[in-house]
Amino acid sequence: MSVYLDHAATTPMCESAIGAMNTALRKLGNPSSLHTQGRSTRKDVEDAREQIARAVHCQPSEVIFTGSGTEANNAAIKGLFWNSPKKVIVISSIEHHAVLDPALWLVEHEGAELIQIPVTTDGVIDLDFLRALVASRSAEIALISVMHSNNETGVMQPIAEVVKMAGSIPVHTDAVQSFSKVPLSYKELGLYAMTISGHKVGGPLGIGALILRRAVEIPALLHGGGQERDIRSGTLNAPSIVALAAAIAAGVYDASAVAKLRTDFEEGVLRARPDAVINGQGAPRLPGISNITFPGTQSDSLLLLMDSEKVSCSTGAACTAGVHRPSHVLMAMGLTDVLSQSSLRFSFGATNTQADVDYALSVLPTVIERGLAANAVGKK
């Protein structure tokens, strides 16, 4: 038996998306061409754009297609900064690197000042800190970016309150993890910009979108043909766009069913390992993400041990060029360096079943014991 519990990393494409993509791949025509084939493909793209716009409650013209969520985040952070004479960028201390790294790049190359909002031990941003910051430095802040929900812990953030506090300051949210899993309304939140991605919702890899207010024009990262409001040049990836819309229309994600699987899993983990800690448990979370610390273990060892038992999950730590580092998210929540590297993320999705939960729980005690033994040997 093989169990996939890494849906926060990527999800299987749903059948309707595969079917839509196969059909689109066989269709000839550049969406920017004016002949019959081009106009036909353009209609497919615009129909898909309308479908996506309805899903997030925005205008179709506010949907700008990109090659990924990372590209959309870069376009938002850099574009909003370049569009402003102000130099301060405010983000949360738990942002995905697709937001953190472009902000740091602007610090290094464009003279930006970066301020990170601290979070509570449950991983929720400190609204009092943000309120005081806006009160004292609003005239200097170019933009605020706070993710809708965290990719490591699933903890959801109070975006509506952030927007209210920001006033006239542009607010962007990375909603890649939240999209199609919890209620998400661009219009109701009052955002300037929002990022979504296809492969997290049963759509294909290589397609994302930046939702950007019609009245807001930002400098482009890519220059060329002037597509997508002249903000994202390049031939539109019609097959992936159509497949993303098909995945949204299919609506295969059942939030209550996924939440039950996660709850059953967490309860089983705590029965087997009472010393385990579920990170962010006291805050509102996405239905499918569970980040658990197993004291006395090493997360990379646990991941490989779980993989040997045919259970796919992930660590909370980033690995760059073979160098393991503690998760900046868990560290921001107050975990020590050691505990931050003793955590695993299990993420459930539309294709998971109770049998998956039962199997993962059946192998976990042995994996933890082996992980504890390996860590003890390593310390000698």
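The values are calculated or read from the model by the stated rules, or taken from the named source; none is laboratory data. A quick note: this is a predicted structure, and the numbers were derived from the prediction, not measured. Cβ placement follows ideal geometry from the backbone for every residue including glycine, while neighbour counts extend to all protein chains displayed. Accessible surface is based on the protein model in full, side chains and every heavy atom, while ligands, DNA and RNA are left aside. Shrake-Rupley method; radii C 1.70, N 1.55, O 1.52, S 1.80 Å.
Values as computed for the structure displayed
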item	result
Residues satisfying the stated conditions in segment 182-191, i.e. surrounded by fewer than 24 Cβ atoms within 10 Å (Cβ to Cβ) and at negative phi	VAL182, PRO183, LEU184, SER185, LYS187, GLU188, LEU189
Members of segment 144-181 found to be open to solvent by less than 30 Å² (accessible area, probe 1.4 Å), of a type in the set (S, T, N, Q) and either touching a Gly at 6+ places or on another chain (Cβ under 8 Å) or at pLDDT below 95 (or both), listed by number	ASN150, THR153, GLN177
Selection from segment 212-269 of residues that are of a type outside the set (A, V, I, L, M), touching a helix residue (DSSP H, G or I) at 6+ places or on another chain (Cβ under 6 Å) and farther than 30 Å from ARG345 by Cβ	ARG214, PRO219, PRO239
Lone qualifier among LEU205, LEU222 - being modelled with pLDDT of 95 or more and either surrounded by fewer than 21 Cβ atoms within 10 Å (Cβ to Cβ) or more than 16 Å from ASP174 (Cβ to Cβ) (or both)	LEU205
Any pair with Cβ under 6 angstrom, 6 or more apart, that starts in segment 298-314 at a residue that is touching a residue at least 60 places away in the same chain (Cβ under 8 Å) and on the phi > 0 side of the Ramachandran plot and ends at one that is of a type outside the set (Val, Ile, Thr) and open to solvent by 50 Å² or more (accessible area, probe 1.4 Å)	LYS310/SER2
Candidate set from segment 149-162 (those that are under 19 Å from the mean Cα position of the chain (by Cα) and outside any loop (DSSP other than H, G, I, E, B)); member that is nearest to HIS96 (Cα to Cα)	SER149
Pair list, Cβ under 6 Å, 6 or more apart: segment 7-19 residue closer than 17 Å to ALA255 by Cα, other residue part of a loop (DSSP other than H, G, I, E, B) and at pLDDT below 95	CYS14/VAL252
Residue match in segment 121-128 (condition: within 13 Å of the chain's Cα centre (by Cα), surrounded by 23 or more Cβ atoms within 10 Å (Cβ to Cβ), at pLDDT 95 or above and part of a loop (DSSP other than H, G, I, E, B))	no
Among residues of segment 30-53, those that are open to solvent by less than 20 Å² (accessible area, probe 1.4 Å) and assigned to a loop (DSSP other than H, G, I, E, B), counted	1
Single residue of segment 234-259 satisfying the filter (among the polar types (S, T, N, Q), within 17 Å of VAL45 (Cβ to Cβ) and under 24 Å from the mean Cα position of the chain (by Cα)) that is surrounded by the fewest Cβ atoms within 10 Å (Cβ to Cβ)	ASN237
All positions within segment 271-303 that are surrounded by 15 or more Cβ atoms within 10 Å (Cβ to Cβ) and of a type in the set (A, V, I, L, M, F, W, C)	ALA276, VAL277, ILE278, ALA283, LEU286, ILE289, ILE292, PHE294, LEU302, LEU303
Tally, over segment 89-102, of residues that are over 20 Å from ALA220 (Cα atoms) and open to solvent by less than 10 Å² (accessible area, probe 1.4 Å)	5
Scan of segment 260-294 for residues that are within 18 Å of the chain's Cα centre (by Cα) and among the small types (Gly, Ala, Ser), ordered by number	GLY280, ALA283, GLY288, SER290
Among (1) open to solvent by less than 20 Å² (accessible area, probe 1.4 Å); (2) within 30 Å of GLU309 (Cβ to Cβ) - the single one THR10 does not satisfy	(1)
Residues within segment 199-225 that are among the small types (Gly, Ala, Ser) and out of contact with any Phe, Trp or Tyr (no Cβ under 9 Å at 6 or more places or on another chain), tallied	6
Selection count where residues are outside any helix (DSSP H, G or I) and β-branched (Val, Ile, Thr), scope segment 248-269	1
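Condition check ((1) small (Gly, Ala, Ser); (2) under 29 Å from THR293 (Cβ atoms); (3) open to solvent by 70 Å² or more (accessible area, probe 1.4 Å); (4) outside any helix (DSSP H, G or I)) across all residues:
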position	(1), (2), (3), (4)
LYS78	no, no, no, no
SER84	yes, no, no, yes
LEU104	no, yes, yes, no
GLN116	no, yes, yes, yes
SER136	yes, no, yes, no
ALA142	yes, no, no, yes
